[in-house]
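Worksheet for the structure shown next.
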Amino acid sequence: MKAIVVYESHWGNTAAVARAIAEGIGPETQALSTAEASGEVIAGTDLIIAGAPLLGFSLPTESMLKGLAGNASKDPVAPDLSHPSMRSWLDALPKGAGGAASFETRIWWSPGSAAKAILGKLEALGYRPVAKAQRFVVQGKYGPLRDGELERAKAWGAALVQAMK
Ligand SMILES: Cc1cc2nc3c(=O)[nH]c(=O)nc-3n(C[C@H](O)[C@H](O)[C@H](O)COP(=O)(O)O)c2cc1C
């Protein structure tokens, strides 16, 4: 099975979860940013797992990312804005029929879900959800991840392999 984990991540939390999920799936699975996951790289993929942070109660929009760029000097750590939004990556994704799963990183109590928005978009393109949209929790606005979340992400990756069987 060829699986790929694709992420949008500005402070590294979602990227770390993506790497842990890929590790749980197996050594051949890569975690790639939206910039790295080109059409060529994802061709022939059986399972796409896509993740993004929940920002402003939603899957980040282009205007939010512009806002992050404008506000960067006030952040404790400048955001990584080197890759496109998950939203635009999904807009460019061709239709498909493979498996799909999604995740988000977020604080505990917030309304909204980036992961559900991602899964809905994948489903609309013809992909088949193999798991419920998953959330991984950070301790503060910029992270770090809550203790145990990376282990949980790895286990979720392994469970996705089973769900594909
Ligand atoms: C500007 C900003 C807005 C945020 N808005 C929300 C939000 O609405 N709900 C939430 O649960 N977390 C929110 N967070 C927390 C992020 O979702 C969390 O830090 C996430 O892990 C960031 O992912 P990244 O490190 O991969 O960029 C926000 C963080 C920032 C910096």
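The values are calculated or read from the model by the stated rules, or taken from the named source; none is laboratory data. Since the structure is predicted, the reported quantities are computational estimates derived from the model, not experimental observations. All Cβ positions, even for glycine, are placed from backbone atoms using ideal geometry, and neighbour counts span all protein chains on display. Note: areas computed on protein heavy atoms with side chains; ligands, DNA, RNA excluded. Shrake-Rupley method; radii C 1.70, N 1.55, O 1.52, S 1.80 Å.
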- Query: Once amide H atoms are placed 1.01 Å from N in the peptide plane, what residues at a sequence separation of 5 or more from Phe136, or on another chain, have their amide H within under 5 Å of its amide H?
  - Reply: Glu104, Thr105, Arg106
- Item | Across Lys66/Lys116; Lys95/Lys141; Lys2/Lys74; Lys121/Lys141; Lys95/Lys154; Lys116/Lys154, pairs whose alpha-carbon gap is larger than 31 Å | Lys95/Lys141; Lys2/Lys74
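Excluding Ala69 itself, calculate the net charge of residues whose Cβ lies under 12 Å from the Cβ of Ala69, where each Lys or Arg counts +1 and each Asp or Glu counts -1.
-1
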- Query: Spin-label point model (7 Å from Cα, Cβ direction): what's the Lys74 to Val41 distance in nm?
  - Reply: 3.3
- Message: So, for the chain, what is the accessible surface per residue at a probe of 1.4 Å, expressed in square angstrom?
- Response: 49
- 0 to 90° range, to nearest 10: angle between helix 149-163 axis and the chain longest Cα axis: 20
- Note on the structure: A correct Stokes-Einstein calculation for the chain, using the alpha-carbon Kirkwood radius, 20 °C and 1.002 mPa s, returns a whole-number D in µm² s⁻¹ of 137
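Would you rank Leu55, Leu47 by solvent-accessible area, highest first, keeping every protein chain in place and using a 1.4 Å probe?
Largest accessible area first, the list is Leu55, Leu47.
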- Query: So which chymotrypsin sites (Phe, Trp or Tyr not before Pro) in segment 31-136 are both in a DSSP loop and have at most 16 other Cβ atoms within 10 Å of their Cβ?
  - Reply: Phe57, Trp108, Trp109
- Message: At 1.4 Å probe size, with the rest of the protein present, what percent of the exposed accessible area of the chain is carbon and sulfur atoms?
- Response: 55
- Message: Can you compute the modelled spin-label distance between Val161 and Trp109, with each label point 7 Å from Cα toward Cβ, in nm?
- Response: 3.9
